[in-house]
Amino acid sequence: MNATEIRLASRPHGVPTLENFEIADVEIPTPGEGEILVRNQVLSVDPYMRGRMSDAKSYAEPYEVGKVMHGGAVGEVLESTVDGFEPGDIVLHGLGWRSHAVVAAKHAVKVDPEAAPISAYLGVLGMTGLTAYAGLLDVAEFKEGDTVFVSGAAGAVGSVVGQLAKLKGAKRVIGSAGTDDKVKWLTDELGFDAAFNYKDAPVIEQLRAAAPEGIDVYFDNVGGDHLEAAIDSINLHGRMAICGMISVYNNTEPAAAPRNLASIIAKRFTMRGMLVGDHFALQPQFVKEVAPLVAAGELKYSETIVDGIRNAPQAFLDLLGGANTGKMLVRV
Ligand code: NDP
């Protein structure tokens, strides 16, 4: 039996295409000392991978052309040379888009398949959930009674941000998303107070209408016109967690700055960039608090699951195009 891996074939210029990826069939690798062989079951598909496909200097190492697309993955241990890891154990690791991975045991984290579906460890109980938790509570310093606006609200991070804010006593939570079905999901299923389709009319106008008394917190997943709208609506001493700017990831030229940034002086709001890696110390607290909410159905999550590792490149292109509701995943 062979293993399959997805490699970066070439660096995209602008919007990526399927030609930027190579699907390779290889032999199943053998674990050495201190290693385990994992058969991956679910792969994570994430916007930050777009940055790693380029070779511009960034916070994450660029992928090497001809090498596997690294990223989050969960799978079953098939062979182990390491005490504490047995065949049948389920582990989380970062070796990404391959059907089989030889993982140094020190870089594998055992997860409990009884406590939650294993896919949840890549999303709501994993990296994207922690991003939402740390960004809202630590970076944006959310407090009860705040009005919160989150862009990319129907995505993996955004959907958790909005629900957490509601559960923690936000006065009003507003989300933006790119389809009417997503907007309906936010208000009808997730309990957002208001949501709008950013493609319907200028974001600045839609946010003003949705937040007549302004916003205290902005959780940015999008940048661009959403950031300008948030600056326009933010109240005195408001706080912004700048988590992502997906609207500029495919740009080939630097994006324009928010044109209304000068109002930061009069409004004295803060903008703080964030990287989830700086907040790993919060992981135990996050799991302790959020896992019971998920188990009780108080914090809902959605997954868009694409079948087949060979479809991972298309799943990634679809993620950038907005085909996902909640976390985008590939079932190997
Ligand atoms: P999502 O699940 O939100 O998927 C991406 C979504 O972005 C798409 O579904 C699409 O939804 C939306 N989108 C795509 N292009 C645009 C555009 N031009 N304008 C507005 N929306 C767009 O991904 P994640 O939840 O995994 O990530 C959300 C953001 O958080 C990303 O920017 C990501 O880079 C960032 N991030 C940052 C981390 C950090 O440590 N700083 C960690 C994890 C994520 P729609 O239909 O609504 O357009």
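The values are calculated or read from the model by the stated rules, or taken from the named source; none is laboratory data. The shown structure was predicted, so the numbers you read here are calculated from the model rather than taken from an experiment. No Cβ is skipped: glycine too gets one built from the backbone with ideal geometry, and neighbour counts run over all protein chains shown. Ligands, DNA and RNA are excluded from the accessible area calculation, which covers all protein heavy atoms including side chains. Shrake-Rupley method; radii C 1.70, N 1.55, O 1.52, S 1.80 Å.
Annotations for the structure displayed:
- C-alpha long axis of helix 224-233 to longest principal axis of the chain, angle in °: 40 degrees
- Taking 0.36 nm per residue of sequence separation and removing the Cα-Cα distance, the V65/K199 pair yields an extension gain of 44.7 nm.
- Using every pair of distinct Cα positions in segment 249-329, the Kirkwood expression returns a hydrodynamic radius of 17.2 angstrom.
- Annotation for segment 76-108 versus segment 133-184: alpha-carbon center distance of 34 Å.
- What the chain shows is 45 Å² of accessible area per residue, with the surface traced by a 1.4 Å probe over protein heavy atoms.
- Look at the alpha carbon pairs under 8 Å that are at least 6 residues apart: their mean separation over the length of the chain gives a relative contact order of 17 percent.
- Positive-pole candidate from G123, V103, G88, dipole of segment 39-146, charges at beta carbon: V103
- Dividing the mean sequence gap of close Cα pairs (under 8 Å, 6+ apart) by how many residues segment 127-277 holds gives a relative contact order of 23 percent.
- Computed from point charges on the beta carbon alone (+1 for Lys and Arg, -1 for Asp and Glu), the dipole magnitude for segment 204-332 about its Cα centre is near 240 Debye.
- Helix 283-295 and the long axis of the chain differ in direction by around 80°, with both axes built from C-alpha atoms.
- A simple charge model with +1 on the Cβ of Lys and Arg, -1 on the Cβ of Asp and Glu and nothing else charged puts the dipole of segment 127-277 at about 340 debye relative to its Cα centre.
- Cα-based equivalent ellipsoid of the chain: semi-axis lengths in Å, sorted from largest, via gyration tensor: 35, 22, 17
- Take every DSSP beta bridge whose two residues both sit in the chain; close to 55 percent of them are antiparallel.
- Computed FRET value (nearest 0.05) for A56 with D83, which takes r as the C-beta separation and R₀ as 45 Å: 0.60
- Between segment 258-332 and segment 1-68, the Cα center-to-center distance that results, in Å: 20 Å
- Estimated at 0.36 nm per residue, the fully extended path between E76 and A255 surpasses their Cα-Cα distance by 60.2 nm.
- Compared with the dominant principal axis of the Cα atoms in the chain, helix 312-321 is inclined by about 0°.
- As a calculated quantity, the FRET efficiency between D181 and D278 at R0 = 35 Å, using C-beta atoms, amounts to about 0.55.
- Measuring against 20 Å, Cα to Cα, the residue pairs K57/K106; K184/K300; K143/K166; K143/K199 contain K57/K106; K143/K199 as the ones spanning a longer distance.
- Surface share of carbon and sulfur [accessible, 1.4 angstrom probe, percent] for segment 108-177: 52 percent
- Long-range HN-HN contacts of G326 with modeled amide H, under 5 Å: G155, A156
- Rg(Cα)/(2.2 N^0.38 Å) for segment 127-277, N = residue count: 0.93
- Candidates G162, G145, G75, ranked by Gaussian network fluctuation over the chain, Cα under 10 Å, top entry: G145
- Magnitude of the charge dipole, the chain, Cβ model with Lys/Arg +1 and Asp/Glu -1, debye to 20: 820 debye
- Annotation: lysines with alpha-carbon distance below 19 angstrom to K110 (same-chain offsets under eight excluded): K288.
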